[in-house]
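Peer 1: Take this structure first; my questions come after.
The values are calculated or read from the model by the stated rules, or taken from the named source; none is laboratory data. Just so it is clear, the model here is predicted, and its values are computed rather than measured. So basically every Cβ, Gly included, is an ideal-geometry build from the backbone, and we count neighbours across all protein chains shown. Each accessible area value is taken on the protein alone, full model and side chains, heavy atoms only, with ligands, DNA and RNA left out. Shrake-Rupley method; radii C 1.70, N 1.55, O 1.52, S 1.80 Å.
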Amino acid sequence: MKKIVNDILKEELYYDKLDCGLEVFFMPKEGFSKKYAVFATNYGSNQLKFIPINETEKIEVNEGIAHFLEHKMFEQPDGGNAFDKFSLLGASANAYTNFTMTAYLFSATDNFYESLDHLIDYVQTPYFTDDNVEKEKGIIAQEINMYDDNADWKVYFNTLKAMYINHNTRIDIAGSVDSIYKIDKEELYKCYNTFYNPSNMALFVVGDLDRNKVMETINKAIKPKDTLDDIKVFKEDEPNEVKQKEIVENLSVSIPLFNIGIKDLDVNMSGNDLLKKEICTEIILDMILKKGSSVYEKLYLGGLINQNFGCDHVSQIDHGYTIIGGESKDPHKVRDIVFEYINKYKQDGLDKEDFDRIKKKKIGMFLKYFDSVEFIANNFISYHFRKINFIDYLEILKSVTFEDVSDRFNKHFNEEYSVISIINPK
């Protein structure tokens, strides 16, 4: 294994690429009782048009199939469930699908190597039948209907639907009840065989573990497969403009919920350029919108927001956006005040002292979070598929200048590319 040492973090990372193409990462954390592993594929809900392995023609699969596939992976050929064995081993397991990846994970204090073997085995053992696929449709339909009544979920996805015209991030990760009822086992196998190839996957292990035993377990458990060339995925061109400025819906809430979305036009980048853009945006949000900022104080003291007010930024290779949201009796007034201050900062400039203070705070917070094996593993895998080495985060953060942040602020925070999503009480 190749050894990578980060002098700033004082951490070691071991890396190997197996013959089957699987990229393996191991970070030793001496003295930690909890051990953690995440096995992920570079495949999420956005990948709907692609050329399947061993085929030549493009296909379009049903919305929600990546999430459906994640559900089905736990069912085993012997009739059991992958969770059952984790429970017997005393491990806590989970999985998730987002727009760009699917991850299977577990944490354990004992029986780690047996649990790691099981993780790798079940993710390589798809078992789809007409009956078990049909049974799953009802379960996922219930989940979709539950989220349709979830105001937080709806206000968020309505923001994405308002921002994006063609990009698949406007589509719910779980799909719709109509789309999931069209899924069959043949379609699931096409997706699995294409995207769950080890050469499209990565495995991250972290904890107080023996490196040789980790690699021995992985090498024994991985089934040999031919490596794939780049998978051909097709995407629609996304114009700069937003689809619609506002979406309003009524649900069972006591106070209106709102999300202000700002579409990112500075896209189609990866690696440290993408990471730097993300960090700059996070610093800006801290400077102008989070607790302690002038905007926050005006909104809070004016009774327009409460403690649920917050903001976040998403930076993916081919899309990105900033979300500002919370609860308010007058979401439109909140939006007006937010952009009033943004325009003022564009005229007067950001505050250099604020930048210095927040940058130092972010450095401290990152070092604190690095004591969590879950934080390390989940972030490492997510950044890896964006061609970013997560242990470089602190180095890039330290390199960010006030001029970088000012430039990003002027480029991204543009009212023309903003939308608002509101959930009003019924």
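Peer 1: Considering only residues of segment 216-237 that are among the charged types (D, E, K, R) and touching a strand residue (DSSP E or B) at 6+ places or on another chain (Cβ under 8 Å), which is least open to solvent (accessible area, probe 1.4 Å)?
Peer 2: Per the criteria, the residue is Lys232.
Peer 1: Do we find that Ile144 is among the aliphatic types (A, V, I, L, M), more than 22 Å from Lys35 (Cβ to Cβ) and open to solvent by less than 10 Å² (accessible area, probe 1.4 Å) in this structure? Steps first, answer last, please.
Peer 2: Values: among the aliphatic types (A, V, I, L, M): yes; more than 22 Å from Lys35 (Cβ to Cβ): yes; open to solvent by less than 10 Å² (accessible area, probe 1.4 Å): no.
No; evaluated as a whole, the condition is false for this residue.
Peer 1: A further question on this structure: Go through the residues of segment 54-64 one by one and say whether even a single one is open to solvent by less than 20 Å² (accessible area, probe 1.4 Å), touching a residue at least 40 places away in the same chain (Cβ under 8 Å) and of a type in the set (S, T, N, Q).
Peer 2: Pass one, segment 54-64, residues open to solvent by less than 20 Å² (accessible area, probe 1.4 Å): 61, 64.
Now drop any that are not touching a residue at least 40 places away in the same chain (Cβ under 8 Å), which leaves 61, 64.
Okay, now just the ones that are also of a type in the set (S, T, N, Q), so none.
No - not one qualifying residue is present in segment 54-64.
Peer 1: Does Leu257 satisfy being surrounded by 17 or more Cβ atoms within 10 Å (Cβ to Cβ), hydrophobic (A, V, I, L, M, F, W, C) and free of Cβ contacts under 8 Å to residues at least 60 places away in the same chain?
Peer 2: On the way: surrounded by 17 or more Cβ atoms within 10 Å (Cβ to Cβ): yes; hydrophobic (A, V, I, L, M, F, W, C): yes; free of Cβ contacts under 8 Å to residues at least 60 places away in the same chain: no.
Taking the combined requirement at face value, the residue does not satisfy it.
Peer 1: Is it true that Glu340 is at pLDDT 95 or above, within 24 Å of the chain's Cα centre (by Cα), open to solvent by 10 Å² or more (accessible area, probe 1.4 Å) and under 22 Å from Ser421 (Cβ atoms)?
Peer 2: In short, no.
Peer 1: Follow-up question, since we're still on this one. Picking from Phe380, Phe375, which residue would you name as being assigned to a helix (DSSP H, G or I), surrounded by fewer than 18 Cβ atoms within 10 Å (Cβ to Cβ) and of a type in the set (A, V, I, L, M, F, W, C)? Let's see the steps before the verdict.
Peer 2: Numbers: Phe380 fails: surrounded by fewer than 18 Cβ atoms within 10 Å (Cβ to Cβ).
Of Phe380, Phe375, the one residue that is assigned to a helix (DSSP H, G or I), surrounded by fewer than 18 Cβ atoms within 10 Å (Cβ to Cβ) and of a type in the set (A, V, I, L, M, F, W, C) is Phe375.
Residue-by-condition table, conditions (1) open to solvent by 80 Å² or more (accessible area, probe 1.4 Å); (2) at positive phi; (3) in contact with a strand residue (DSSP E or B) (Cβ under 7 Å, 6 or more places away or on another chain):
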{"residue": "Tyr181", "(1), (2), (3)": "yes, no, no"}
{"residue": "Lys185", "(1), (2), (3)": "no, no, no"}
{"residue": "Asn193", "(1), (2), (3)": "no, no, no"}
{"residue": "Ser199", "(1), (2), (3)": "no, no, no"}
{"residue": "Ala202", "(1), (2), (3)": "no, no, yes"}
{"residue": "Val214", "(1), (2), (3)": "no, no, yes"}
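Peer 1: Among Asn193, Asn158, which is the only one that is farther than 19 Å from Tyr104 by Cβ and in a helix (DSSP H, G or I)?
Peer 2: Asn158
Peer 1: If you scan segment 176-190, which residues turn out to be of a type outside the set (Ser, Thr, Tyr) and in a helix (DSSP H, G or I)?
Peer 2: Val177, Asp178, Ile180, Lys185, Glu186, Glu187, Leu188, Lys190
Peer 1: Which condition breaks for Ala82 when tested against (1) open to solvent by 20 Å² or more (accessible area, probe 1.4 Å); (2) without any contact (Cβ under 8 Å) to a residue 60 or more places away in the chain; (3) more than 23 Å from the chain's Cα centre (by Cα)?
Peer 2: (1)
Peer 1: Related question: Which of (1) surrounded by fewer than 17 Cβ atoms within 10 Å (Cβ to Cβ); (2) under 26 Å from Asn389 (Cβ atoms) does Gly90 not meet, given it meets every other one?
Peer 2: (2) is the only condition that Gly90 fails.
Peer 1: Give me a count of the residues in segment 266-312 that are in a loop (DSSP other than H, G, I, E, B), open to solvent by 10 Å² or more (accessible area, probe 1.4 Å) and not β-branched (Val, Ile, Thr).
Peer 2: Matching residues across segment 266-312 total 14.
Peer 1: Still on this model: Would you point out which residue out of Ile140, Ile173, Ile165 is under 20 Å from Leu188 (Cα atoms) and part of a loop (DSSP other than H, G, I, E, B)?
Peer 2: Ile173
Peer 1: Tell me yes or no: at least one residue of segment 403-419 is in contact with a strand residue (DSSP E or B) (Cβ under 8 Å, 6 or more places away or on another chain) and in a strand (DSSP E or B).
Peer 2: yes
Peer 1: Sort through Lys135, Lys154 and tell me the only one that's modelled with pLDDT under 95 and either under 30 Å from Ile262 (Cβ atoms) or open to solvent by 70 Å² or more (accessible area, probe 1.4 Å) (or both).
Peer 2: Among Lys135, Lys154, only Lys135 is modelled with pLDDT under 95 and either under 30 Å from Ile262 (Cβ atoms) or open to solvent by 70 Å² or more (accessible area, probe 1.4 Å) (or both).
Peer 1: Go through Phe39, Phe86, Phe68 for me and flag whichever is among the hydrophobic types (A, V, I, L, M, F, W, C) and either at pLDDT below 95 or closer than 23 Å to Tyr383 by Cβ (or both). Please lay out each step first, then the result.
Peer 2: Numbers: Phe86 fails: either at pLDDT below 95 or closer than 23 Å to Tyr383 by Cβ (or both); Phe68 fails: either at pLDDT below 95 or closer than 23 Å to Tyr383 by Cβ (or both).
Answer to the selection: Phe39.
Peer 1: I need every pair where a residue in segment 403-426 that is more than 14 Å from Lys346 (Cβ to Cβ) has its Cβ under 9 Å from the Cβ of a residue that is small (Gly, Ala, Ser) and open to solvent by 50 Å² or more (accessible area, probe 1.4 Å), sequence separation at least 6 or different chains.
Peer 2: So the pair list comes out as Pro425/Ser252; Pro425/Ser254; Lys426/Ser252.
Peer 1: Of the numbered conditions (1) surrounded by 14 or more Cβ atoms within 10 Å (Cβ to Cβ); (2) within 25 Å of the chain's Cα centre (by Cα); (3) among the polar types (S, T, N, Q), Asn240 satisfies every one except a single condition; which is it?
Peer 2: (1)
Peer 1: Still on this structure, I have one more. When residues of segment 1-31 are filtered for being loosely packed, with under 15 Cβ neighbours inside 10 Å, assigned to a loop (DSSP other than H, G, I, E, B) and in contact with a Leu (Cβ under 8 Å, 6 or more places away or on another chain), how many remain?
Peer 2: Qualifying residue count, segment 1-31: 1.
Peer 1: Search segment 99-123 for residues being in a helix (DSSP H, G or I) and free of Cβ contacts under 8 Å to residues at least 60 places away in the same chain, and hand back the single one that is nearest to Ala174 (Cα to Cα). Step through it out loud before you land on a result.
Peer 2: Of all residues in segment 99-123, those in a helix (DSSP H, G or I) come to 112-123.
With the extra rule that they be free of Cβ contacts under 8 Å to residues at least 60 places away in the same chain, the set shrinks to 114, 118, 122.
Numbers: Glu114: 31, His118: 26, Tyr122: 22 Å.
Among residues in segment 99-123 that are in a helix (DSSP H, G or I) and free of Cβ contacts under 8 Å to residues at least 60 places away in the same chain, the one nearest to Ala174 (Cα to Cα) is Tyr122.
Peer 1: Which ones in segment 160-189 are closer than 18 Å to Tyr43 by Cβ and without any contact (Cβ under 8 Å) to a residue 40 or more places away in the chain?
Peer 2: Glu186
Peer 1: With the condition kept exactly as written, say whether any residue in segment 32-43 is surrounded by fewer than 16 Cβ atoms within 10 Å (Cβ to Cβ) and not polar (S, T, N, Q).
Peer 2: no
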